[in-house]
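Read through the structure below, which is laid out as structure tokens, and then see the notes.
The values are calculated or read from the model by the stated rules, or taken from the named source; none is laboratory data. Being a predicted model, the structure only gives us computed values, none of them experimental. Using ideal geometry, Cβ is built from the backbone for each residue, glycine included, and neighbour counts are taken over all protein chains shown. Calculation scope for accessible area: heavy atoms of the full protein, side chains included, ligands and nucleic acids excluded. Shrake-Rupley method; radii C 1.70, N 1.55, O 1.52, S 1.80 Å.
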Amino acid sequence: MGLDTLVRIRREQGPSGRAGGVGDAQPTAVPDGMTAPLGCDAVAVPARFGPVIVPMLPRVGCVYTDGVHWWWIVPSDSDYALSWPAPAHYAAGAPVPRAARLIHRPEGTVPYTPPIPLYLALCRVTDTTPDWSRPLSA
């Protein structure tokens with residue numbers, strides 16, 4: 001069993017070591033007629049940023065809201081080698097609050113918002129320098 005498999009198993013178990021979501025959250029089911037061949041994670045963003053980010057993206061996937069946050073569905077492991085800028089929160093397994101409702105469903109059969117354009121849009125609205133643009137220190 002490789003390291004990638006072990007990381008995936010741990011993520012599926014959740015923070016408590018048991019399968020399932022946290023608190024009032026649950027793994028997000030993709031809408032009927034859609035498939036998630038790359039798995040699902042979510043990026044939670046304060047709701048005030050949502051309308052600002054949408055026009056910056058080449059494609060908007062499934063987006064859920066609980067009134068406080070917008071939850072953008074991205075492929076699993078979209079946090080690999082990335083530190084998502086605060087106040088965004090990356091959630092492996094896409095555990096969105098039970099009260100969240102779908103506010104955007106894309107055309108087609110995949111639920112994803114492309115993670116790199118979403119990351120760059122978040123960096124822009126939060127005035128954060130992307131990780132790969134920061135100077136290296138010796």
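List the number of the failed condition for Leu122; all other conditions in (1) at pLDDT 95 or above; (2) more than 14 Å from the chain's Cα centre (by Cα) hold.
(2)
Considering segment 30-43 alone, what residues qualify as being aliphatic (A, V, I, L, M) and either open to solvent by 10 Å² or more (accessible area, probe 1.4 Å) or farther than 14 Å from Val60 by Cα (or both)?
Val30, Met34, Ala36, Leu38
For segment 77-98, which residues satisfy the criterion of being of a type in the set (A, V, I, L, M) and modelled with pLDDT under 90?
Of everything in segment 77-98, those that are of a type in the set (A, V, I, L, M) and modelled with pLDDT under 90 turn out to be Ala81, Leu82, Val96.
Would you point out the residue of segment 48-70, among those that are in a helix (DSSP H, G or I) and open to solvent by less than 20 Å² (accessible area, probe 1.4 Å), that is nearest to Thr129 (Cα to Cα)?
Selected residue: Ile53.
Residues of segment 84-103 being open to solvent by 20 Å² or more (accessible area, probe 1.4 Å), closer than 25 Å to Asp127 by Cβ and assigned to a strand (DSSP E or B), which ones?
His89, Tyr90
Does Leu118 satisfy the condition of being within 24 Å of Ala29 (Cβ to Cβ), surrounded by fewer than 17 Cβ atoms within 10 Å (Cβ to Cβ) and in contact (Cβ under 8 Å) with a residue 60 or more places away in the chain?
no
Quick check: anything in segment 71-83 part of a helix (DSSP H, G or I) and open to solvent by less than 20 Å² (accessible area, probe 1.4 Å)?
For segment 71-83, residues part of a helix (DSSP H, G or I) and open to solvent by less than 20 Å² (accessible area, probe 1.4 Å): absent.
Quick check on this structure: which one of Ala42, Ala47 is under 9 Å from the mean Cα position of the chain (by Cα) and at pLDDT 95 or above?
It is Ala42.
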